[in-house]
C-alpha cells in the first residue's frame, strides 16, 4: 500500500513538474514590444515612487541633506509660483536646509504618492515647530499645520528637474509668526 501511495505521489509530482516546465517555456518566449514598454514604464514609476518616498522619509527624520540625493544639478524649484524660481541644486539645497533646519519635529502624515510618467505628486499633512532663528528672525516656538501637494518632474535619468508646491509659504509663516 505504501508503494502505491509513493508511486501515486511521484506520478503527481512528475505531472506537475511537466506542467510548470511547459508554462515556463510559454512565459520565456519573446515578449512583444508593448509588454516591454509597459514593464519599463512600471519599473520607472516604481523607481520614481521610491525616490519620492525617500524624500518624505528624509524630511520626517530631519535628514534634510538626504532629501536631495535624487535632484538633478540643474533642478528648478518653482515653489508655489508666487516668487522667482530657484535654479540649481546648490541654491535649492541651501535655501531648503536653512529654512527646514529652523524647524524641529518636522513631520509628514497621511502621505499619498501618485506617479504618472515623469511626474510624481505627494499629498500630505505637514507640521513642524519653529525652534531655531531663521533669516535674522527669532524663533517663536509656534507650530504650523498645512496640507500640501508637491509635484516633482523627473528627467530620463531618474533625477528631479522641477519641484512645484501648492501651499504658499505665507500660510506657514503666518502660523508661526514669521515675517517676510
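The values are calculated or read from the model by the stated rules, or taken from the named source; none is laboratory data. Fair warning: this is a prediction, and the values are worked out from it, not measured in the lab. When we count neighbours, we look across all protein chains shown, and the Cβ atoms used for this are built from the backbone with ideal geometry, even at glycine.
Structure notes:
- Selection from the stretch 152-171 of residues that are at pLDDT 95 or above and buried (at least 16 other Cβ atoms within 10 Å of the Cβ): 152, 153, 154, 159, 160, 161, 162, 163, 164, 165
- Looking across 67, 173, 139, 128, one residue alone is within 29 Å of residue 40 (Cβ to Cβ) and either touching a strand residue (DSSP E or B) at 6+ places or on another chain (Cβ under 8 Å) or outside any strand (DSSP E or B) (or both). It is 67.
- Residue match in the stretch 137-150 (condition: surrounded by fewer than 13 Cβ atoms within 10 Å (Cβ to Cβ), farther than 23 Å from residue 54 by Cα and out of contact with any helix residue (DSSP H, G or I) (no Cβ under 8 Å at 6 or more places or on another chain)): yes
- Close pairs (9 angstrom Cβ cut-off, 6 or more residues apart or separate chains): touching a residue at least 24 places away in the same chain (Cβ under 8 Å) and on the phi > 0 side of the Ramachandran plot in the stretch 156-180, assigned to a strand (DSSP E or B) and surrounded by 17 or more Cβ atoms within 10 Å (Cβ to Cβ) anywhere: 177/130
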